[in-house]
1. With the range 53-154 as the region, which helices (runs of 4 or more DSSP H) entirely inside it contain at least 1 residues that are modelled with pLDDT under 80 and surrounded by 14 or more Cβ atoms within 10 Å (Cβ to Cβ)?
2. Taking ALA179 as the residue in question, decide whether it is touching a residue at least 12 places away in the same chain (Cβ under 8 Å), on the phi < 0 side of the Ramachandran plot, hydrophobic (A, V, I, L, M, F, W, C) and not in a helix (DSSP H, G or I).
3. Checking the condition more than 30 Å from PHE65 (Cβ to Cβ), of a type in the set (A, V, I, L, M) and within 20 Å of the chain's Cα centre (by Cα), which residue from LEU144, LEU137, LEU115, LEU133 passes?
4. In the range 218-237, what residues are under 20 Å from the mean Cα position of the chain (by Cα) and touching a residue at least 60 places away in the same chain (Cβ under 8 Å)?
Amino acid sequence: MVKLQEEGGGHGDWDNSIPVARLSPLASFSGLVKKTLAIAEFEIRKLRHDFTELITRAAQPVLWFILFGEVLTRARAIPTGDHAYRDFLAPGILAQSVLFVAIFYGIAIIWERDLGITNKFLVSPTPRAALVLGKALSAGVRSLSQVLIVYALALLLGVKMNWQPLALLGVLAVVVVGAALFSTFSLIIACLVKTRERFMGIGQVLTMPLFFASNAIYPIELMPGWLRMIAVINPLTYEVDALRALMIRDWQSSFGIGIDFVVLIATTIFLVIIGARLYPRVVI
């Protein structure tokens, strides 16, 4: 386009400069959101071809609730105040289930590379951040099935749940953000190791320390000093803390729900930035 610059006296002259079209920040953000949702929808559609995945995920929460939870509830070996141990454990089981779903999400990245899908994503105009965010969001949506499973078990076992609508929405938000965080962490690992065998080995090594170095199955106060320091920098600790305050009736957050959300969201953003930079390396 050319533009007309008017000067005094009503006369004008033509400027031959051709400005480069630039998107406004709002338009850029809107485009990023649309592409992120498109990638997430593409990933979620894969569930239509494998509903058994949702069923098999129910086995682990059932085992933890019935075997581990019920035994320690009767033994009263872990102090949990005025609440039964099963009440304390329920949010930890949900966080663990989400972690196990998300931490192995990176294996799909390696499969997509082997099938040539990753190359198609990388040559498209879709921003790398949208690719990573879309996959993270789809992991969050997939993890919502764990909420239904854990809530159903908790209801059957008599856990004192908080059924207020805002609390339920808060639980869904924490699950989505937590799954996005650990699935992005999983994607980063996949980009670095590049093979399924190495990824599975590293994923198994990382899952247990993340879980046990958190407040999922015992309070932080019972930990030795060195383990308590690790738990405080473990994002899973803040996910469990938020879930416990939102899921269990009359339970108070140790850090504050606002702090929990800030830590989870800030960590997720940080990992998405790293993942967006590393994602192309998965094909190298």
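1. In the range 53-154, 59-63, 70-75, 106-115, 117-123 are the helices (runs of 4 or more DSSP H) which contain 1 or more residues that are modelled with pLDDT under 80 and surrounded by 14 or more Cβ atoms within 10 Å (Cβ to Cβ).
2. No; evaluated as a whole, the condition is false for this residue.
3. None of the others qualify; the one that does is LEU133.
4. Answer for the range 218-237, where residues must be under 20 Å from the mean Cα position of the chain (by Cα) and touching a residue at least 60 places away in the same chain (Cβ under 8 Å): just LEU236.
The values are calculated or read from the model by the stated rules, or taken from the named source; none is laboratory data. Worth saying up front: this structure is predicted, and the values here are computed from it rather than measured. Neighbour counts run over all protein chains shown; Cβ positions are idealised from the backbone, glycine included.
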